[in-house]
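So the structure is just underneath, and the comments pick up after that.
The values are calculated or read from the model by the stated rules, or taken from the named source; none is laboratory data. Just so we're clear, the structure is a prediction, and the values are computed from it rather than from any experiment. Here the Cβ positions follow ideal geometry from the backbone for every residue, glycine too, while neighbour counts run over all protein chains shown. These area figures cover heavy atoms from the full protein model, side chains too; ligands, DNA and RNA do not enter into them. Shrake-Rupley method; radii C 1.70, N 1.55, O 1.52, S 1.80 Å.
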Amino acid sequence: QRQMCIRDRQLAVTLKPGRRMVGWASSVIAHDNGVILEDAGNEALVMACNVGGADSRVILSPGGSVGAFDLKQLAGRILLPQESFLAVGPGVRLRPYSQIKSLKTANRPAGLVLLQADGEGWVFTNASGEVSHIKLGAGEILAVRGSAIAALSATVVIERATEAHGVAADNKLNVAILRGPGNVWLQSSPAPTNTAQPGAKPGSPIVISFN
């Protein structure tokens, strides 16, 4: 399965012995006895390591729509807003990609800050509201509110909106132009005002296993 988004659910990630993952410290709400939590180089992040001899679970609770993306099915790369990051599994590297200051809002005072996740593993994201998926053909254009962007294929180009695109010169709605080819995931609610993760949500966890 290439990707999934599930509203208001927890995510149970199963780590094989010796495997590890990195995520927001506040999103890790429980783990099995074989897992230890270590510093990931940033006080907001934590590294969960399975040091036991059996499969062990790490339970994440983002509060919102959980996105699970298999990079093997997405040409090995995906772009996501900084506040959408939840966790990455083994075999994935996360790094800064770009900052689009023209898409500055009260919710994103620094503009749209994008991260790139690349590798052959899984990427987990947190989106507000409901999430929809749109596939753009080569050269196809989509005008979107910057705050609605939840994730993008790395092949999608983000361009400044102009009056030629039917957007007012002041661009008060913070519209961005997305040009294909590639996949676009849009969230129905504005991006959160900060990167703090909310508390646990009720419901049985969704289970993902790393082989």
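For this structure, a couple of remarks:
- Cβ crowding within 10 Å averaged over residues, with 71-77, 181-187 ranked highest first: 181-187, 71-77
- Other-chain or far-sequence residues with amide H under 5 Å of GLU140's (modelled H): GLY180
- Estimated distance in nm for a label pair at LYS72 and VAL157, the labels positioned 7 Å out from Cα along Cα-to-Cβ: 3.2 nm
- Charge dipole (the range 51-124, unit charges on Cβ, about Cα centre) - positive-most of GLY64, GLY91, LEU112: LEU112
- Rounded accessible area per residue of the range 5-132, 1.4 Å, Å²: 43 Å²
- For the range 134-151, Karplus couplings with θ = phi - 60° (6.51, -1.76, 1.60), whole Hz, Gly/Pro x: 10, 9, 9, x, 4, x, 5, 10, 9, 8, 9, 5, x, 6, 8, 6, 9, 5
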